Amino acid sequence: VVPRCENAHMLLAELVSTTDRVGATSSRLAKIEALADLLTQAEPSEIAAVMGLLLAAPRQGKLGVGWRGIAALDITHTESPTLSVLDVDRALDSLAATSGSGSTSARSSILGELASRATAPEWDFLVRAMLGELRTGALSGVLLDAIARASDRAPATVRRAAMLSGDLGETARIALTGDVGDLDAVGLQVGRPVLPMLAATAPTPSAALEITGEASVEYKLDGARIQVHRHGDEVGVYTRSLADVTHRVPELVEIVRALPVTDVILDGETLSLDEDGGPRPFQETMSRFGAEVSRELVLRPWFFDVLHVDGRDLIDEPLSVRLAELERVAGDWRMPGIVTDDAEAAERLSREALAAGHEGVVVKAIDAPYAAGRRGKSWVKVKPVLTFDLVVLGAEWGSGRRRGWLSNLHLGARDPEGEFGEPGGFVMVGKTFKGLTDELLRWQTAEFPAHESHRTASTVFLRPEVVVEIAIDGVQRSPRYPGGIALRFARVKGYRTDKTAVEADTIQTLRSLLHA
């Protein structure tokens, strides 16, 4: 038990202790109980900050903090925990508000002071929380159940309030401090983004139809998820993470303003097409959300759902009703698809989508409501899995329940011609910890030291000898790695002890996916 500071504010050490407990157990119930106990101890003024840190999504949004700036700090940590959650929250406020000339130096000063007031475990937690890299198992679904447990509210009521507000921190505050009816009062509101509905996966369209029954089978684009709200002439465009990017996408705003409707909430995707009408790489689409507006790259929307039309909420209506309204208000901008229960028709549409350069299809039960923020079986995505044999260049020591095991892998592709380094060398293309079972973690922790070239406090670097099969969804352009690309959604399939490093896939093969 971590003692409270004199002013009775929650100590950061209490969060660290709780996330360690959550990360160390595979029991969902134990995770919920630990988080619920933490939330019941939080003061009303601390709840939003606590939730933001638990989710590795600070309530302040972008902080202007990166690995490079953090690594450059010269830190001497304190030995005893005295830093409160509100102390951290105030420091993050200062980071978020820092901009303009001298901002880099100012951020370093703020980070340095914060780091010096933190113990080493607290600073490790804060770094991962600020960079969005906490891996404790405290996912949003577990936190929602913890909010329900801590507030003695019905889980379904908490979940619905969270999906309609799009804000777990605000949902926790209402549940823990408000009256019983306050959660019920949270409704769909034009102009306030909601958590998007998510899809499960299946290997084929036929297998997906077996899950959904009669369904709308629609193209799955390699684009950016968007949610668009319109009230009169006011239009808001939001990303999958609910970030407001309206000012970045004026062409989408113009399209939605021209629709035959006054109030509407639309769900869809956007991407840019090349000169031949094919989809440009995902990274090029995403660049529009993080840079000044450039008319050289024009985005186009494809809408696949509608949640509200002119005073009428549709999220509880079946998809068949929503699609009829979508056709009426956004017919020219609808996602291509068919309604069918015929497996061959679904397979045919999937082949058509792939031939057009898209990812595959999404199969959606025609009678299902819109379950915002949920990944159920009503929506099932189907896209080909790409696998490559890569070389392990290093592995980072794990944290939480993976403490003491080598976990996060550094992955490299072969460069036979030396296009990006020495001929016959290897080029780093990404990292992953996904797909690693306890058995694989044990194996690599025992095996990797035999291939060690050198190490740091956090990472064991290997000679390029161990081959691992990696599944990916594709690649994207990235200046982070010397080969100019990074893997998308990489996960471990298994180690290929039957292969040597000279049989690994090449950087040139991976780069060719940019143009596939």
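Answer with yes or no whether residue 150 is open to solvent by 20 Å² or more (accessible area, probe 1.4 Å), under 19 Å from residue 53 (Cβ atoms) and at pLDDT 90 or above. When the stated conditions are applied, residue 150 passes them.
Take the conditions among the aliphatic types (A, V, I, L, M), in contact (Cβ under 8 Å) with a residue 40 or more places away in the chain and out of contact with any Gly (no Cβ under 8 Å at 6 or more places or on another chain) and apply them to residue 485. Does it pass?
Values: among the aliphatic types (A, V, I, L, M): yes; in contact (Cβ under 8 Å) with a residue 40 or more places away in the chain: yes; out of contact with any Gly (no Cβ under 8 Å at 6 or more places or on another chain): yes.
When the stated conditions are applied, residue 485 passes them.
Being of a type outside the set (A, V, I, L, M), in contact with a Gly (Cβ under 8 Å, 6 or more places away or on another chain) and assigned to a helix (DSSP H, G or I) narrows it down to one of 116, 94, 108, 99, so name that one.
On the way: 116 fails: in contact with a Gly (Cβ under 8 Å, 6 or more places away or on another chain); 94 fails: in contact with a Gly (Cβ under 8 Å, 6 or more places away or on another chain); 99 fails: assigned to a helix (DSSP H, G or I).
The unique qualifying residue is 108.
The single condition from (1) modelled with pLDDT of 95 or more; (2) more than 30 Å from residue 58 (Cβ to Cβ); (3) open to solvent by 30 Å² or more (accessible area, probe 1.4 Å) that residue 215 fails is (3).
Annotation note: Cβ proximity below 9 Å between a residue of segment 447-465 that is farther than 19 Å from residue 390 by Cα and a residue that is in a strand (DSSP E or B) and open to solvent by less than 70 Å² (accessible area, probe 1.4 Å) (sequence gap 6+ or interchain) occurs for 454/460; 454/461; 455/394; 455/461; 458/396.
Note on segment 470-485: among residues that are open to solvent by less than 10 Å² (accessible area, probe 1.4 Å) and of a type in the set (A, V, I, L, M), the one that is nearest to residue 425 (Cα to Cα) is 485.
When you check residue 499 against the structure, is it in contact (Cβ under 8 Å) with a residue 12 or more places away in the chain, of a type in the set (Lys, Arg), in a loop (DSSP other than H, G, I, E, B) and surrounded by 15 or more Cβ atoms within 10 Å (Cβ to Cβ), yes or no? Step through it out loud before you land on a result.
Details: in contact (Cβ under 8 Å) with a residue 12 or more places away in the chain: yes; of a type in the set (Lys, Arg): yes; in a loop (DSSP other than H, G, I, E, B): yes; surrounded by 15 or more Cβ atoms within 10 Å (Cβ to Cβ): yes.
For residue 499, the condition - in contact (Cβ under 8 Å) with a residue 12 or more places away in the chain, of a type in the set (Lys, Arg), in a loop (DSSP other than H, G, I, E, B) and surrounded by 15 or more Cβ atoms within 10 Å (Cβ to Cβ) - is met.
Only one of the listed residues (331, 398, 357) is open to solvent by less than 40 Å² (accessible area, probe 1.4 Å), under 30 Å from residue 440 (Cα atoms) and modelled with pLDDT under 95. That residue is 398.
Looking at 389, 415, 438, just one residue is of a type in the set (Asp, Glu), open to solvent by less than 10 Å² (accessible area, probe 1.4 Å) and farther than 30 Å from residue 319 by Cβ, and that residue is 415.
Among the residues examined, residue 266 does not qualify as over 29 Å from residue 486 (Cβ atoms), buried (at least 16 other Cβ atoms within 10 Å of the Cβ), in contact (Cβ under 8 Å) with a residue 60 or more places away in the chain and in contact with a helix residue (DSSP H, G or I) (Cβ under 6 Å, 6 or more places away or on another chain). For segment 238-258, the set of residues classified as open to solvent by 30 Å² or more (accessible area, probe 1.4 Å) and acidic (Asp, Glu) consists of 244, 254, listed by residue number. If you go through segment 62-91 and keep only what is in a loop (DSSP other than H, G, I, E, B), surrounded by fewer than 17 Cβ atoms within 10 Å (Cβ to Cβ) and either among the small types (Gly, Ala, Ser) or within 24 Å of the chain's Cα centre (by Cα) (or both), you end up with 62, 64, 66, 72, 80.
The values are calculated or read from the model by the stated rules, or taken from the named source; none is laboratory data. The structure displayed is predicted, hence computed values, not measured ones. As a convention, Cβ positions derive from the backbone with ideal geometry for all residues, glycine included, and neighbour counts pool all protein chains shown. These area figures cover heavy atoms from the full protein model, side chains too; ligands, DNA and RNA do not enter into them. Shrake-Rupley method; radii C 1.70, N 1.55, O 1.52, S 1.80 Å.
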